[in-house]
Amino acid sequence: MTHHTILLKKGTAASWSNSAMVLILLFFISAKANAQIVLPEKIDRAHPRTLAIDVDKADLLSKVKTDPEVAEAFIRLKKNVDEYVDRHVTDPEWIVSRLQMYWKTHSTDVYINAGVYSHAEGHAPVPTVRFTGARDYVIDHLTPSIEDIKPYMDDERGIWAQHKTTQEWEWVPQAKTGRIIENINAKIMSLANDAALIYWLEGDEKYAKFAADIFDTYMVGMSYRSEPIDITKGHHQDIVGLTSFQVIKEGVLEELVGCYDYLYDYLLATAPEQMPVYTVSLRKFAEIIIKNGVPFNNWNLFEAQFVAEIALVLEDDSFYADGKGSQYYLDRVLNKTEARQWSLDKLLGYGYDANTGIWNESPGYSMNMVRDFMKLALRLQNTMNLDIVPYMPVLPKAVKVLPQYMFPNHYIVGFGDTHYTYLNTGAMRDMVVNARKFNKPEQEREFTALANMISSLGEEVNNSGRGRLDFRSLLDGEGEFEFDKSIPAASLKDYVTQTFYAPNVSWLVQRNGLDPKHGLMISQAGSLGNHMHSNGIAMELYGKGYVLAPEGGVGRSYFQSDYLEYYSQFPAHNTVAVDGISKYPEMLSTHAFSVDAMYPEAERDGFYPEISFSDLYFLEPATDADQNRVMSIVRTGGSTGYYVDIFRSRRRNEADKYHDYFYHNLGQELVLADRSGQPLQLSPSERLSSAEGDLTAYDYLTDKQSVQSAEAFTASYTMTMEGEESVRMDMWMQGDESREMFKVLAPPSEAFRSKMVPQEISEAPLQTMVVRQTGEAWTRPFVAVYEPSTESEPATIRSVEVVEQEDFADGFVALKIESLTDRTDLVLSSDTARSTVVQDISFLGTYGVVSTEGENLALFLGAGTKLEKAGYGIQIVGQDPSAATLVIAGDSLQLTTDAPALISIPDTFKKGEVYMMFDSQKIRGIRLREKGKKTVDFEVPVISFQTFQVQHQKK
């Protein structure tokens, strides 16, 4: 380690403010030497310390008098608490008696039964803090208002509360009260915190007395309380807090810390003997939070934030005999790694992919995680003048990658435990705040440009603004924030790419176009990382402004049966389940797909823009089944295009019973029809049920109707909205003798908690197709084509048919798709690369598309070594499969290759030299004649997509 010494001029004051620059210099010098965050050597700032350093009491009071908005906010703050403070003057027991305490039993030892309350034992000399009822917040009763709480409520019957449905008041066993107890205490302590703040500002001791009486009762009682004990000796023992079943839900702590901080001088003057007791309780909170929890995800950061808040109000380490003060606790959560509390450096290294900047949790959690890192950074910079952003070098990339989560309508993707919501720009704002604080002009320019771009998208995407002023917000030192509008907005295309792959969450995106109405996008997710589902290779499809094929979301809560049995399981996703029993651990999952091929390569420039594809493999663990999903976007016009989905699935032991293809789509109507457009005759069905051995998730499917058919069919989903044109998704799928098609209703997607679609649609059951194939589905894969459309932009596909030839290998797919124009696409897919002739096309690869429109021709070799038609051809040099595209449109020729290749064109030239010109390069052609066909071949290097010319020079 490199040591540095900075000498201060003799007589320089050692106060916090004028030593700040020394700390900052030490910080930046040491940052390059090791990963340890340098903390202040001395904590001597006066209380309150949770205020930003730049906040001045006199200035705040002046704003209260001169600024109408601030004055209004302060009036609201006082109005919220004045009624209780005034009552406390004459009835000091009233508010205190509403605290949830062990008023009679004085219990010290709390016992829980996994996620619910069991009982309490022991006896302290004073009332102690009552533990909460259950981990799950979904309950049948309401949290009572303070006025409705029975005084000194410590009753063996539980909690007096009102039933949500019957409106009756009744005694509720504590184990069935969810988080009511902790909510009540947090509410009362919030009043105490507000009163303490008002006292600090105005000096009126009635506010101090009110706050101190509540604070003292709670903190003295907590000093006798011990860590709860799980009688099941299970996982809950490792995550429980002093007041809540999860250490990250200690919501009362922020209010306690604020109350203590604002009252510090008052408490020191009026009850100095109690100060050590308060310290005991504060440090007890810190120790339990560090001891328990989950170290490898967002819990770790929430815990660090809680402990940092405690550290801010503790004294310098030297103040305590054991040396465990402010720096000690900051060091433990910032720099030290313990069993359930990791250092920031270790957490960042574990959670973030350094290459992509993606956090290893579902999008909703990932998007918030970067904001939470910045929240901690801003807390320390505003209260201690410490800049910890340089110690987290992946964060700038993590902020800049956030737009990759967006669909064309600017809502984020929804895999795992995620809700469809707009991108949160708070982290961009925080990077700008940090830049302004520590004079980083380039950082401010970059993130302002990004935020201005998000704000310019046209919707209410930017979430960094605020509504009515909260007076407490004036205490963080950031003031009224606005982005610099003079900085030009960045370009969206610089932040989102045609494909994007995040291996640490097993997530892959294909895009084609960024326009909200005409853009197309596929999001595919496996199950790797935290807050993930048991879903195989799941997918979402976008079309005409909406996520038409959505994810299922979370359900009512993680602890409810609908989440455990349905929303986190295969049937809630657009995927394929094997034998009705495909399942593996959800939440923290380790079941990723692998990418066998994709085009274009993630974040690559210079690609063919009209077609993309992915070829994914997944091992389904419950049945030891191979699963392969090939998905593609084919753009057919500026506002038109379609999706291809080829799903292969088989058990390795060949004991396949059946494979179920699930597809959910928004809308009020689903019509199944044959190839001629006649509705299929469906019959009620009792299948798809746990009674037949399927997962319990199948029991959530209702209104089941089915038909068996070997013929191809279409499924048309229609979503109708008042004042908007209807949106359709047309699905085509081939039939099979062993295939049964089910039309069912699935539970509503719980991912829609936004304005993307009207409430009556988001809360309605999802129209769903389940296609069950008896036996394996590898040599007879599920092949589907999807096309979104509207009334003003109707569907363009005229027909879809499977091309069949006797010499096709098992599992080979040739799909002919004809449009209402004279365009025809032939989609070719194989599970392994093998040489195949389809009509007049030669193909060696696993994915390719041949498109003809009039005299125009496009050869798209997505993954393979050969693709030829009508004398035009692509031959990859070497044996390794690669990608290349050759486009012939009139006299225009376009080409791109990802590997050196041999490009062939028909030889229609007279004698002489034929050569290709591109990028001022000249490639001489080789004229060949084989079996009566004459071609000119060009050996080309790797080429970005561009137009080239073929020229002829006579001898």
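Tally time: how many residues in region 509-546 are among the small types (G, A, S), in contact with a helix residue (DSSP H, G or I) (Cβ under 8 Å, 6 or more places away or on another chain) and within 18 Å of H419 (Cβ to Cβ)?
2
Out of the helices (runs of 4 or more DSSP H) lying entirely within region 338-431, which hold 3 or more residues that are more than 30 Å from P40 (Cβ to Cβ)?
363-384
Hey, does region 857-877 have a residue that's at negative phi, out of contact with any Asp or Glu (no Cβ under 9 Å at 6 or more places or on another chain), among the basic types (K, R) and not in a loop (DSSP other than H, G, I, E, B)?
yes
For residues that are of a type in the set (S, T, Y) and more than 17 Å from A746 (Cα to Cα), scanning just region 672-713, find the one that is surrounded by the fewest Cβ atoms within 10 Å (Cβ to Cβ).
Out of the qualifying residues, it is S676.
Output the residues belonging to region 225-245 that are more than 29 Å from the chain's Cα centre (by Cα) and of a type in the set (D, E, K, R). Steps first, answer last, please.
Initial filter on region 225-245 (more than 29 Å from the chain's Cα centre (by Cα)): 225-233, 242.
Across region 225-245, the qualifying residues are R225, E227, D230, K233.
Condition first: touching a Leu at 6+ places or on another chain (Cβ under 7 Å) and either assigned by TED's automatic domain parsing to the domain that holds V413 or not in a helix (DSSP H, G or I) (or both). Can you find one or more residues in region 323-336 that meet it? Steps first, answer last, please.
Narrowing region 323-336 to residues touching a Leu at 6+ places or on another chain (Cβ under 7 Å): 325-327, 329-331, 334.
Checking the rest, the ones that are also either assigned by TED's automatic domain parsing to the domain that holds V413 or not in a helix (DSSP H, G or I) (or both) come to 325.
Yes; the residues of region 323-336 include at least one that is touching a Leu at 6+ places or on another chain (Cβ under 7 Å) and either assigned by TED's automatic domain parsing to the domain that holds V413 or not in a helix (DSSP H, G or I) (or both).
Given the condition touching a helix residue (DSSP H, G or I) at 6+ places or on another chain (Cβ under 7 Å) and over 30 Å from G115 (Cα atoms), answer yes or no: does some residue in region 223-241 qualify?
No, the conditions are met nowhere in region 223-241.
Is it the case, given these coordinates, that A73 is part of a helix (DSSP H, G or I), assigned by TED's automatic domain parsing to the domain that holds K57 and at negative phi?
Yes; evaluated as a whole, the condition is true for this residue.
Does T897 satisfy the condition of being modelled with pLDDT of 95 or more and of a type in the set (S, T, N, Q)?
It is true that T897 is modelled with pLDDT of 95 or more and of a type in the set (S, T, N, Q).
Any residue at all in region 111-119 that's under 45 Å from the mean Cα position of the chain (by Cα), in a helix (DSSP H, G or I) and assigned by TED's automatic domain parsing to the domain that holds L242?
Within region 111-119 (the criterion being under 45 Å from the mean Cα position of the chain (by Cα), in a helix (DSSP H, G or I) and assigned by TED's automatic domain parsing to the domain that holds L242), the answer is no, since none of the residues qualifies.
Given the structure, is K911 part of a loop (DSSP other than H, G, I, E, B), touching a residue at least 12 places away in the same chain (Cβ under 8 Å) and farther than 18 Å from G606 by Cβ?
It is true that K911 is part of a loop (DSSP other than H, G, I, E, B), touching a residue at least 12 places away in the same chain (Cβ under 8 Å) and farther than 18 Å from G606 by Cβ.
Take the residues of region 605-617 that are assigned to a loop (DSSP other than H, G, I, E, B) and among the acidic types (D, E): which is nearest to L826 (Cα to Cα)?
The selected residue is E610.
So how many residues does region 693-721 have that are without any contact (Cβ under 8 Å) to a residue 60 or more places away in the chain and not acidic (D, E)?
Summing the residues that are without any contact (Cβ under 8 Å) to a residue 60 or more places away in the chain and not acidic (D, E) in region 693-721 gives 14.
Among (1) farther than 24 Å from V81 by Cβ; (2) of a type in the set (A, V, I, L, M); (3) in a loop (DSSP other than H, G, I, E, B), where does I159 come up short?
Checking I159 against (1) farther than 24 Å from V81 by Cβ; (2) of a type in the set (A, V, I, L, M); (3) in a loop (DSSP other than H, G, I, E, B), the one that fails is (3).
Within region 505-526, track down each residue that is more than 13 Å from the chain's Cα centre (by Cα) and farther than 20 Å from M729 by Cβ. Give the steps one after another, and end with the answer.
Going through region 505-526, the residues more than 13 Å from the chain's Cα centre (by Cα) turn out to be 508-522, 524, 526.
Answer for region 505-526, where residues must be more than 13 Å from the chain's Cα centre (by Cα) and farther than 20 Å from M729 by Cβ: L508, L514, G526.
Looking at W171, W200 in this structure, which one is of a type in the set (F, W, Y), assigned to a helix (DSSP H, G or I) and in contact (Cβ under 8 Å) with a residue 12 or more places away in the chain?
W200 is the lone residue from the list that is of a type in the set (F, W, Y), assigned to a helix (DSSP H, G or I) and in contact (Cβ under 8 Å) with a residue 12 or more places away in the chain.
Starting from region 524-547, take each residue that is over 21 Å from V785 (Cβ atoms) and list its partners that are surrounded by fewer than 24 Cβ atoms within 10 Å (Cβ to Cβ) and of a type in the set (D, E), counting only C-beta distances under 9 angstrom and pairs at least six apart or across chains.
S527/E586; H531/E586; M532/E586; H533/E586; S534/E586; N535/E586
For region 575-595, enumerate the residues that are of a type outside the set (A, V, I, L, M, F, W, C), under 20 Å from the mean Cα position of the chain (by Cα) and either crowded, with 17+ Cβ neighbours inside 10 Å or farther than 27 Å from G351 by Cα (or both).
Across region 575-595, the qualifying residues are T575, E586, S589, H591.
Are any residues in region 78-104 assigned to a loop (DSSP other than H, G, I, E, B), crowded, with 18+ Cβ neighbours inside 10 Å and not hydrophobic (A, V, I, L, M, F, W, C), and if so, which ones?
R98, Q100
The values are calculated or read from the model by the stated rules, or taken from the named source; none is laboratory data. None of the values given here were measured: they were computed from a predicted structure. Every residue, glycine among them, receives a Cβ derived from its backbone with ideal geometry; neighbour counts consider all protein chains shown.
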